[in-house]
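Heads up: the structure comes next, in structure tokens.
The values are calculated or read from the model by the stated rules, or taken from the named source; none is laboratory data. All figures in this text were calculated on a predicted structure; none of them were measured in a lab. No Cβ is skipped: glycine too gets one built from the backbone with ideal geometry, and neighbour counts run over all protein chains shown. To get the accessible areas, we keep the full protein, side chains included, count just its heavy atoms, and leave off ligands, DNA and RNA. Shrake-Rupley method; radii C 1.70, N 1.55, O 1.52, S 1.80 Å.
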Amino acid sequence: MKKNLSRWLVDIWYKDPFIGVFLMPLGFLFSDFVKFRKFLYRIGVLKKHTLPVPVIVIGNITVGGTGKTPLIIWLAELLESEGFKPGIISRGYGGQAEVWPQWVDAGSTAEQVGDEALLIAKQTGCPMAVSPIRADAARLLLEKSDCNVILSDDGLQHYALNRDIEIAVIDGERRFGNGYCLPAGPLREPIERLQSVDFIVVNGEKTEDNEFSMEITGDTAVNLVTGQQKPLREFNATGCHALAGIGNPDRFFKLLESAGLSCKTHSFPDHYKFQIDDISFPNSEPVLMTEKDAVKCMGFAGEQHWYIPVKAVPEEGFSEPLLVLLQEKSKTR
């Protein structure tokens, strides 16, 4: 049911030019609510939390994945290479922990802290904490680590936490769909929200002068059971299945297609909780998935299951202005 509803909404937002129009009044109501809520934070009716270290928020203004997770991993590596000690916070979407905030480490599970948080912590090795209240996650992070800059995974609309730098990530293929706010369209906030962020990163080809492009690359497959690695192109000699429970599954499928693979594709909603039947097929063909999905399938995967690690490659001109701005913000602390 959830899977069919998700597909129906995506079709309305990105393909159907008519149904969204009928829902547009609801979109206007949602937009007005978002603006009013932001106003309440601005005048102090709703409380904001300021941290003793700079906060960089990496988010988006649309529902669904845009490539934030690979960019956060890239940013953590960049900051470490420049002598910073980054820590990471997240909402922990999909996590079912009974107590928040939660520390994320090698002993955490996707069921506890969410799939994206677990993937980020494993990839970066940075201290990380999650909570639906991001300020609580940040306090735990500062208590248990010596980080001097915090990366917030998502949270562009989480105005309860003050931020020093905002990075908005856009899906270069889908952009903003029909341009309407929820539920008529995919927007969490009106498009003009982008005028107030510090950087706009486009996952794909940029179209505006104030945007930075980013490429997501991946050419190696890793076996979920054995850890064996092999070039992705080696799978083009046989049939295979590809599954993805991310915001835009087609982007993953196109990555495989660009490597010469011809796969039977299986799309699932973002943050889908996989069961063994979802990844089992009546043949011995390889099953390829994203690394984000793999962290939820480790306990019941077989040797036919492989994941594709990816990395973000922003254009060269992005890192310098970001680091300059961060240095300026750090001096005011």
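How much accessible area per residue does the chain have, in Å², with a 1.4 Å probe?
48 Å²
How large is the Kirkwood hydrodynamic radius of region 219-309, in angstrom, based on all distinct alpha carbon pairs?
Details: mean 1/r = 0.0781 Å⁻¹.
Evaluated on region 219-309, it is 12.8 Å.
Any number yet on Rg/Rh for region 170-277, C-alpha, Kirkwood? Intermediate results must be reported in sequence, preceding the final value.
Details: Rg = 17.2 Å, Rh = 16.5 Å.
Rg/Rh: 1.05.
Which one of A242, A117, A160 has the biggest mean-square fluctuation once the chain is modelled by GNM with Cα springs under 10 Å?
Sorting by GNM fluctuation, first place goes to A160.
May I ask for the angle, rounded to the nearest 10°, between helix 68-81 and the longest principal axis of the chain, with both axes built from Cα atoms and the value confined to 0 to 90°?
Roughly 70 degrees, rounded to the nearest 10.
May I ask for the Kirkwood hydrodynamic radius of region 103-205, worked out over all distinct Cα pairs and given in angstroms to one decimal? Kindly include the intermediate steps, with their values, before the conclusion.
Numbers: mean 1/r = 0.0640 Å⁻¹.
Kirkwood radius, region 103-205: 15.6 Å.
Taking springs between alpha-carbon atoms closer than 10 angstrom, which of S284, S145, S108 fluctuates most in the Gaussian network model of the chain?
In the Gaussian network model the winner is S284.
Tell me, rounded to the nearest percent, the portion of alpha carbon pairs in region 1-122 spaced more than 26 Å apart.
Result for the distance tail: 45 percent.
Please state the charge dipole magnitude for region 20-171, taken about the Cα centre, from unit charges on C-beta atoms (+1 on K and R, -1 on D and E), reported in debye and rounded to the nearest 20.
Taking the Cα centre of region 20-171 as origin, the dipole is about 680 debye.
I want to verify the translational diffusion coefficient of the chain in µm²/s; compute it with Stokes-Einstein, Rh as the Kirkwood radius over Cα pairs, at 20 °C and 1.002 mPa s.
Diffusion coefficient, whole number: 103 µm²/s.
With every protein chain kept in the model, how would you rank V225, V63 by accessible area, 1.4 Å probe, largest at the top? List each step's numbers first, then the result.
Values: V225 75, V63 55 Å².
From most accessible down to least: V225, V63.
Put +1 on the Cβ of every Lys and Arg and -1 on every Asp and Glu Cβ in the chain; which of G95, T265, A221 then has its Cα farthest towards the positive end of the dipole?
G95
With a 1.4 Å probe and all protein chains in place, put W74, W13, W100 in order of accessible area, largest first.
Sorted descending by solvent-accessible area, the residues read W100, W74, W13.
As a test of the formula, what do you get for the chain when each DSSP H run with n ≥ 4 contributes -39,500 (n - 2.57) and the sum is divided by the residue count, at 222 nm and rounded to the nearest 500 deg cm²/dmol?
Dividing the helical sum by the residues of the chain leaves -9500 deg cm²/dmol.
Might you work out the accessible area of R134 for me, using a 1.4 Å probe with all protein chains in place, and round it to the nearest 10 Å²?
20 Å²
Can you give the extra length, in nm with one decimal, that the chain gains between M24 and K38 once fully stretched, where that is 0.36 nm per residue apart less the Cα-Cα distance?
Using 0.36 nm per residue and subtracting the Cα-Cα distance, I get 2.9 nm.
Of E316, E116, E303, E80, which has the most accessible area and how do the rest follow, probe 1.4 Å?
Heavy-atom accessible area, descending, gives E316, E303, E80, E116.
Taking Cα centroids, how far is region 83-132 from region 164-233 in Å?
Here the two parts' Cα centres lie 21 Å apart.
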